[in-house]
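Here's the structure we're looking at; comments come further down.
Nothing in this text is a laboratory measurement; each read-out follows from the coordinates by a stated rule. Since we're looking at a predicted model, the values are computed, not measured. FYI the Cβ positions are ideal-geometry reconstructions off the backbone, even for glycines, and counts take in every protein chain you see.
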Amino acid sequence: MHKRLFLTLTLGAAVLAGSCSKDEGEGGTASISGRVYLVQHNDDNYLLETDTMVAAKEDVFIVYGNDGYVGDDVETGADGCYRFRYLNAGTYTVFAYSTLQTGEKVAVARTVKVDRGEHATAGDIYIHAGKAYGTSMIKGWVYADYFNKNGTTVGYGWAYEQRVYIKRLNEPYHFDDTRVGLDGVYMFQKLQPDTYVVFTYSQNPSTEVPYPVYDTVTVEERGVIVETDTMQVQIKA
């Protein structure tokens, strides 16, 4: 009789202990909240400046513990804030997506540990978007010596309105072109990391026959402005 009672109590304690040990997920009394900001990379911004604002109506996802899949998702409010409720104690990962100019999604995540009945705040999440996000620029200058019909130099200065071209290294044709500004500057934007050749055309003062002037430029990372050497040309005035 006593042995049977002891066995029953032992099994009951084991069941209770198992029921109190819960993995990460729903069904508890903890919660996690945070805020998402959107960093907007605007097109035609030649300084790579950005605008930062709260990210309203943005999807935020949560992963329970070491799960390899999303456990739940919520949408941020007008103030960029979100909250996951009724969580068990444990470690969670919350994340939202940045969107590259190519359309590729990149997760920006925060890991949060929360105890039973506790409310934890995740660090702010900054996501990025916009046509210029994830791209770089090449900036250069073109300086000209101007000559007359006799081939004599009559002036010099920035090569305003001179056309400049860009192509990828080892490719035969250019994929974009632009013109030099009043300050001698030209810029190519929305470039991915790669090696490029920028070029323009100079003229032989004796024959006026054009010939290309090249500069090879390597863009090693995203979100930078790579400056090149000044290209020197001769142009008939």
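Taking the criterion of being touching a Phe, Trp or Tyr at 6+ places or on another chain (Cβ under 9 Å), under 24 Å from residue 29 (Cβ atoms) and in a loop (DSSP other than H, G, I, E, B), the residues of segment 65-104 that qualify are 65, 70, 71, 76, 88.
The residue pairs whose first member lies in segment 102-117 and is closer than 17 Å to residue 60 by Cα, whose second member is surrounded by 10 or more Cβ atoms within 10 Å (Cβ to Cβ) and of a type in the set (Asp, Glu), and whose beta carbons are closer than 9 Å, counting only pairs six or more residues apart or on different chains, are 110/124. If you go through segment 105-157 and keep only what is among the polar types (S, T, N, Q), outside any strand (DSSP E or B) and more than 11 Å from the chain's Cα centre (by Cα), you end up with 148, 150, 152. Here is the figure for segment 187-219: residues that are free of Cβ contacts under 8 Å to residues at least 60 places away in the same chain, assigned to a strand (DSSP E or B) and under 24 Å from residue 144 (Cα atoms) total 14. Among the numbered conditions (1) under 26 Å from residue 134 (Cβ atoms); (2) not hydroxyl-bearing (Ser, Thr, Tyr); (3) not in a loop (DSSP other than H, G, I, E, B), the only one that residue 235 does not meet is (1).
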